[in-house]
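Down below is the structure, laid out as structure tokens.
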């Protein structure tokens with residue numbers, strides 16, 4: 001049975017990419033252009049050929065982005081990193097739209113919890129994306145970005161914990177969208193997680209999984 005008791009939570013951290021905003025066709029297109037560029041350099045082919053190869057696997061055969069790159073000869077770790085880099089570094093800010101329900105929720109949570117952002121995006125991109133989402137930086141005590149550490153290595157989470165030396169890990173909750181970096185890694189440090197923007201729940205992932213980030217308001 002999933003643990004949905006968050007009464008001990010005092011600090012909430014938010015991922016940024018595909019957590020504080022959902023996927024969209026426009027964002028997917030920009031992200032995929034970034035992937036084609038990386039494929040072009042790696043495979044020594046032009047971007048049109050790279051696009052055709054990726055589209056055949058991703059759209060026609062229905063493979064995931066990481067799986068598509070692995071099928072094209074990329075090592076698994078490199079493939080996963082390219083997809084994440086595309087999410088974090090592609091120029092998608094212009095396609096981000098404010099979600100007033102989310103903004104209202106964050107303001108409500110700010111009255112009860114300490115809020116932070118822990119993301120793999122760099123500081124400049126993080127601030128730009130939050131600006132386009134109309135989410136005030138003042139809602140968060142700190143922004144832990146790519147310059148400060150790595151989520152996948154756990155260093156970003158360790159830094160986050162260090163910001164609250166008098167609070168134990170069990171009092172921390174992280175909101176993200178990726179099983180490995182947003183649930184499994186923080187879990188090793190004693191941090192609880194909720195995954196959001198999940199279309200289909202994974203029964204092997206033992207944490208709350210919600211279709212929308214605003215749904216966390218029912219539990220907090």
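The values are calculated or read from the model by the stated rules, or taken from the named source; none is laboratory data. Everything numeric in this text was worked out from a predicted model, so none of it was measured. In this analysis, Cβ positions are derived from the backbone assuming ideal geometry, glycine residues included, and neighbour counts consider all displayed protein chains.
Taking the stretch 168-182 only, how many residues are farther than 22 Å from residue 105 by Cα and touching a strand residue (DSSP E or B) at 6+ places or on another chain (Cβ under 6 Å)? Counting residues in the stretch 168-182 that are farther than 22 Å from residue 105 by Cα and touching a strand residue (DSSP E or B) at 6+ places or on another chain (Cβ under 6 Å) gives 0.
Of the residues making up the stretch 168-194, those that are outside any helix (DSSP H, G or I) and either free of Cβ contacts under 8 Å to residues at least 12 places away in the same chain or loosely packed, with under 14 Cβ neighbours inside 10 Å (or both) are 168, 190. The residues of the stretch 56-91 that are part of a loop (DSSP other than H, G, I, E, B) and on the phi < 0 side of the Ramachandran plot, listed by number, are 61, 63, 64, 72, 74, 75, 90, 91. For the stretch 116-130, the candidate set comprises residues that are touching a residue at least 24 places away in the same chain (Cβ under 8 Å) and surrounded by fewer than 18 Cβ atoms within 10 Å (Cβ to Cβ); within that set, the residue that is nearest to residue 85 (Cα to Cα) is 122. State yes or no: is residue 134 modelled with pLDDT of 95 or more and either part of a loop (DSSP other than H, G, I, E, B) or in the same structural domain as residue 187 (by TED's automatic domain parsing) (or both)? So residue 134 passes the test.
Assess whether residue 115 counts as being closer than 15 Å to residue 15 by Cα, part of a helix (DSSP H, G or I) and in contact with a strand residue (DSSP E or B) (Cβ under 9 Å, 6 or more places away or on another chain). The answer is no for residue 115. On the stretch given as the stretch 1-55, residues that are free of Cβ contacts under 8 Å to residues at least 12 places away in the same chain and outside any helix (DSSP H, G or I) total 6. Residues in the stretch 206-220 that are farther than 19 Å from residue 21 by Cβ and surrounded by 16 or more Cβ atoms within 10 Å (Cβ to Cβ): 207, 208, 220. Among the residues of the stretch 198-220, those that are touching a strand residue (DSSP E or B) at 6+ places or on another chain (Cβ under 9 Å) and either over 27 Å from residue 83 (Cα atoms) or part of a loop (DSSP other than H, G, I, E, B) (or both) comprise 198, 200, 201, 202, 205, 207, 210, 219, 220. Against the conditions (1) in a helix (DSSP H, G or I); (2) under 22 Å from residue 196 (Cα atoms); (3) more than 15 Å from the chain's Cα centre (by Cα), residue 94 satisfies every one except (2).
Scanning the stretch 140-149 for residues that are assigned to a loop (DSSP other than H, G, I, E, B) and either within 14 Å of residue 184 (Cα to Cα) or over 14 Å from the mean Cα position of the chain (by Cα) (or both) gives 140, 141, 147, 148, 149.
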